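Following: one structure in structure tokens, then a few remarks.
The values are calculated or read from the model by the stated rules, or taken from the named source; none is laboratory data. Being a predicted model, the structure only gives us computed values, none of them experimental. As a convention, Cβ positions derive from the backbone with ideal geometry for all residues, glycine included, and neighbour counts pool all protein chains shown.
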Amino acid sequence: MRKILLFFSLLAFVPCVCGAYVEHDVAVVRVMNKAAGKVQELALAVNEETQFEKLYINVRSCKQTDPFQAEDFFAFVEINKIDEGQIFGGWMSRNEPGQNPLQNADYDVWLVKCE
């Protein structure tokens with residue numbers, strides 16, 4: 001009986017990870033320059049603005065779903081273009097790249113993963 005009570009009392013101190021996200025420090029994005037016809041993958045540090053050609057990309061957060069469930073990655077990204085200002089601000093999902101990617105006349109940007 002004591003073992004059962006001890007077991008249940010220890011369970012009270014174990015945090016629930018149901019529906020939890022894992023925060024990452026690096027987001028990997030794929031950028032396509034439509035005019036040049038080239039695609040490049042960039043590893044971007046979270047909260048650090050990175051310039052790529054005419055784009056300034058700032059990843060504010062990069063999260064992974066619970067590793068014990070179906071894997072998906074989400075990133076909150078802000079993208080500015082030198083001559084246009086902010087052209088994108090919002091969440092990107094790896095499993096649904098067509099739902100909320102940057103689609104600009106010159107560039108496309110998709111989330112690949114978080115590391």
Item to check | Check on Arg60, under 10 Å from the mean Cα position of the chain (by Cα), within 19 Å of Gly89 (Cα to Cα) and of a type in the set (D, E, K, R) | outcome: yes
Checklist entry - Quick one: Gln69 ticks every box in (1) assigned to a strand (DSSP E or B); (2) surrounded by fewer than 14 Cβ atoms within 10 Å (Cβ to Cβ) bar one, so which box is it? => result (1)
Checklist entry - Hey, any hits in region 19-31 for a residue that's in a strand (DSSP E or B) and farther than 23 Å from Glu71 by Cα? => result no
Next on the checklist: Taking the conditions exactly as written (modelled with pLDDT of 95 or more and in a loop (DSSP other than H, G, I, E, B)), does Glu48 satisfy them or not?
Outcome noted: yes
Checklist entry - What is the number of the single condition among (1) buried (at least 17 other Cβ atoms within 10 Å of the Cβ); (2) in contact with an Asp or Glu (Cβ under 8 Å, 6 or more places away or on another chain); (3) of a type outside the set (A, V, I, L, M) that Asn80 does not meet? => result (2)
Checklist outcome for this item: For region 85-115, the count of residues that are over 17 Å from the mean Cα position of the chain (by Cα) and exposed (fewer than 12 other Cβ atoms within 10 Å of the Cβ) equals 3
Checklist outcome for this item: Per the filter on region 47-89, residues farther than 23 Å from Val22 by Cβ and basic (Lys, Arg) are Lys54, Lys81
Checklist entry - Can you name the residue in region 87-98 that is out of contact with any strand residue (DSSP E or B) (no Cβ under 6 Å at 6 or more places or on another chain) and not acidic (Asp, Glu) and, of all such residues, is nearest to Asp72 (Cα to Cα)? => result Asn95
Next on the checklist: Restricting to region 45-55, name every residue that is crowded, with 17+ Cβ neighbours inside 10 Å and more than 16 Å from the chain's Cα centre (by Cα).
Outcome noted: Leu55
Checklist outcome for this item: Selection over region 16-44 where residues are of a type in the set (Asp, Glu) and exposed (fewer than 12 other Cβ atoms within 10 Å of the Cβ) yields a count of 2
Next on the checklist: Go through (1) touching a residue at least 24 places away in the same chain (Cβ under 8 Å); (2) in a strand (DSSP E or B); (3) closer than 14 Å to Asn104 by Cα for Gln86 and report which single condition fails.
Outcome noted: (1)
